[in-house]
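Values in this text are rule-based calculations from the coordinates and carry no lab data. Since we're looking at a predicted model, the values are computed, not measured. All Cβ positions, even for glycine, are placed from backbone atoms using ideal geometry, and neighbour counts span all protein chains on display.
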Amino acid sequence: MKTRALSKTDYPAWRPLWDQYLVFYQHQLSEEQTLLTFERLADADSGFHAIVIEVENQIVGFAHCSFTSSTWSETMDLYLEDLFVDPAQRGKGLGRALIEAVAEFAKENGSSKLYWQTHKDNQVAQRLYDTLATKSEFVIYEKSI
């Protein structure tokens, strides 16, 4: 397995994984939003970053992230927004490898904190996350505007 940055030529391999990710979270996006998301992820100047994981030269997972400022820290935090591994490839340590690659990316860029969230019912992911990080004591609220 190998992790690396997403490139503009990765769209054909990234797209089916993205579609599966959206199905998993029972969410739909317009074609325009999906294309915009990929363009942002593949553009190093956009503020978004993506790391993919390959097995036998095929992309089988991704991690999407962006840096955020904090009033409590001199350094930027890295927010891991999306993490997905092809279900056929799960149980092989690929999710762990992606998170570790994202953590290394954060460290290389001067960040002292990596954070993420998952759905409260995603028990499988939480079993992995519990071995890698500390569960936050904060509750997230959302307001559509």
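Lysine pairs in segment 2-132 whose alpha-carbon atoms fall under 26 angstrom of each other, counting only those eight or more residues apart or on distinct chains, come to 7. With only Cα atoms counted, segment 64-145 has Rg and Dmax values of 13.7, 41 Å. Take every pair of alpha-carbon atoms less than 8 Å apart whose residues are at least six positions apart; their mean separation over the length of the chain yields a relative contact order of 19 percent. Assuming charge only on the beta carbon of Lys and Arg (+1) and of Asp and Glu (-1), the dipole of the chain about its Cα centre is about 420 debye to the nearest 20.
Taking other C-beta atoms within 10 angstrom as a stand-in for reagent exposure, 23, 102, 139 fall in the order 139, 23, 102, fewest first. Among the GluC sites (Glu not before Pro) in segment 90-145, those located in a DSSP loop and surrounded by at most 10 other Cβ atoms within 10 Å of their own Cβ are 137, 142.
Going by neighbour counts of Cβ atoms within 10 Å, the residues 53, 140, 99 line up, fewest first, as 140, 99, 53. In a DSSP loop and with at most 13 other Cβ atoms within 10 Å, the chymotrypsin sites (Phe, Trp or Tyr not before Pro) in segment 1-64 are 25. Structural size metrics of the chain, computed from C-alpha coordinates, are Rg and Dmax of 15.1, 44 Å.
The string of couplings for segment 108-118 from the Karplus curve (6.51, -1.76, 1.60, θ = phi - 60°) is 4, 9, x, 7, 10, 8, 10, 9, 7, 9, 8 Hz, one whole number per residue in order, with x for Gly and Pro. In order along segment 50-62, phi translates into HN-Hα couplings of 9, 10, 10, 10, 10, 10, 6, 6, 10, 6, 10, x, 8 Hz, rounded to whole numbers, per the Karplus curve 6.51 cos²θ - 1.76 cosθ + 1.60 with θ = phi - 60° and x for Gly and Pro.
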